[in-house]
Each structure stands twice: as structure tokens, then as C-alpha cells.
Amino acid sequence: MRLATRTPARLTADLIMASAVAGMVVVTNFVPALAADHSSPAPSASASAKADAKAGAKTDAKPDAKTGAKTGAKADAKPDTKTDAKAAPKKDAKPAPAKPAAPAKKTYPNNLNGWIAEAQDVLRSHGDQVPPASAIYARAMTESSGNPDAQNHWDGNQALYGGTYGLLQTIKPTFAEWSLPGHKDILNPVDSIIAGVRYANDRYGSFTTIAYTKAGY
């Protein structure tokens, strides 16, 4: 093989060509590196994570907060209010006032003093003049000796009225006129006192006027 003979001019041209090629290689490698050095630094992994977290929080928070608040409020408020209103008793409810008990009926002893006391109460409730117990007692002892079943068929009243009857010895027409409703038994001692007192109050102005006399009235 025959090698070509290089002249000085040829050598010079080859050197220039080699230098140009080398310069292009250097320039080609340098430009990307230079571009890389002047570009913005890449964000770190932690910075990227924080940015993603903020973005995710903003994106997720608003819809969740509004939607959740509205949905939760509607879901929780209505059932709780209705359930509580039905289940919970009214605190301010007042019990119905109890009806007053009927007063106990007054009782009286079944004797002359008891009959007199009961007759006085009946006369007082009717608005009649009420004589003292001692006056009624005295007249009852004069008329019947305190015997409510006493009857007299021997004097002039027998022929005219069929006799006199009861504790205060009234005739039947007088008893019928001056007795009160509910007290129509001429042999009942209370009824006899009521009729006798009312009759004497009307005829003599006061039962006491004839209470202590021995004559008939």
C-alpha cells in the first residue's frame, strides 16, 4: 500500500479541520450544560409535597365544608328536634289542680243537747232568729220533759186539732205551717224545735219571750 505524501499545506488544512471539529464538540456539550445552569432550580421533594397538600386541602375543604355542613345540619337538626319534642316531657306543664274535698258532714249527739245544736244550725242557715240553747232546753222540758215522742190527747187541742205532738208539743196545722223543707216529721226532735221556734218568733217577736214560762204557747 502506498501512503499519500502530505505537503505542508495539506497538513495545515488538516489541523484546521481537526480544530474546528473539536470546537464544535465542545460547543455542543457546553450549550446544554449552560442552559441547565441558567434554568430555575428544580423544586425539592418536600416543597412539592407541601404544595400538593395545600392544593389538595383547598380543593377538598370547600366542597366538604359547605356540603358537609349543609347536609349534616339538615340530617341532624330535623330528626333530633322532632324526636326530642315527642320524647321529652314538658318541663313547664303544671298538674291539674286537685278538686277540694267536700267538707265532712257535721254530726250531733243523739240527745237533747245535740237536737238543740242541730236545730240552731238549721235555723241559722235559713236566716231565722236563733234563740240560745238554754231557752230551747227550758221550753222542751216544760212541754214534754225532753221526750220527742210525747203526745197530748187530753186538753182542748185534742178536739180541735187531734192533740199536740213532739218535743215542743205543736199541733199539726202549726207544725205544717212553720216547718222547713226536709224537716216535716212532727215527732222528730230537730224538726219540732225548728217549727216551734219559728212559730214563737213570729207570734211573740222572740222565742225567748215564752221560753221560761209554764203556760202553753
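The values are calculated or read from the model by the stated rules, or taken from the named source; none is laboratory data. Because the structure is predicted, anything quoted here is derived from the model rather than measured. Cβ coordinates were reconstructed from backbone atoms using ideal geometry, including for glycine residues, and neighbour counts include every protein chain displayed.
Numerical summary
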{"read-out": "Single condition V190 does not satisfy, out of (1) free of Cβ contacts under 8 Å to residues at least 60 places away in the same chain; (2) assigned to a helix (DSSP H, G or I); (3) in contact with a His (Cβ under 8 Å, 6 or more places away or on another chain)", "value": "(1)"}
{"read-out": "Residue in the range 181-204 that is within 56 Å of the chain's Cα centre (by Cα), surrounded by fewer than 14 Cβ atoms within 10 Å (Cβ to Cβ) and among the acidic types (D, E) present", "value": "no"}
{"read-out": "Tally of residues being farther than 19 Å from D155 by Cβ and in a helix (DSSP H, G or I) across the range 204-217", "value": "4"}
{"read-out": "The range 96-110 residues that are at pLDDT 90 or above, paired with ones that are not in a loop (DSSP other than H, G, I, E, B) (beta carbon under 7 Å, 6 or more apart)", "value": "Y108/G114; Y108/A117; Y108/E118"}
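Residue-wise test of (1) surrounded by 15 or more Cβ atoms within 10 Å (Cβ to Cβ); (2) within 21 Å of D121 (Cα to Cα).
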| position | (1), (2) |
| --- | --- |
| P148 | yes, yes |
| Q151 | yes, no |
| G156 | no, no |
| T164 | yes, no |
| W178 | yes, yes |
